[in-house]
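What follows is a set of notes on a single structure, which appears directly below.
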Amino acid sequence: MSWNGMSAAGWLWLGLLGPFLFTTGPILVALTAGLVAAALGCQLDEGNIHACPQLGIDLGGVLYFFGMFGWFTLITIPFGGIGFLVWLGFAVVLLVRRLRRSEPA
């Protein structure tokens, strides 16, 4: 994939990836921590740090830390929504510019 030959629409869709990952990143981290805890047979909740010994290492604190990332979505969802509205504004401007530049049928 050539970065120099990418069209404006390609850059526009690539630009949507940033706000999407910013918005969904914390919840994906929290879900991944839950999946890891479930796969290891450990208890993960918001109340306490539970021991999760694996190969001589207690992963309970790390899993708890990453599990709490879910609360960070209370901040990232509004900012992600604003980022999406900015992206939508750019999309509308590019569409209007393209329609004005094209020949009428």
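Each reported figure results from applying straightforward, stated rules to the coordinates on display, with no laboratory input. As the structure is a computational prediction, the values presented were derived from the model and not from experiment. Quick reminder, even Gly has a Cβ in these numbers, built from the backbone with ideal geometry, and neighbours come from all protein chains shown.
Brief remarks on what is shown
- 5 angstrom amide H check on L59, placed H, neighbours 5+ away: C52, Q54
- Length released on extending from A9 to V96, taking residue separation times 0.36 nm less the Cα-Cα span: 30.0 nm
- Structure-derived Kirkwood radius over Cα pairs in Å: which label, when the choices are (1) 14.0; (2) 16.9; (3) 16.3: (2)
- Computed lengthening from T32 to L74, 0.36 nm per intervening residue step minus Cα-Cα distance: 13.3 nm
- Total charge dipole magnitude, the chain, about the Cα centre, Cβ charges on Lys, Arg, Asp, Glu only, Debye to nearest 20: 740
- Whole-Hz couplings from phi, Karplus 6.51/-1.76/1.60, listed for the stretch 53-70; x for Gly and Pro: x, 9, 6, x, 10, 8, 8, x, x, 5, 5, 4, 4, 6, x, 6, 4, x
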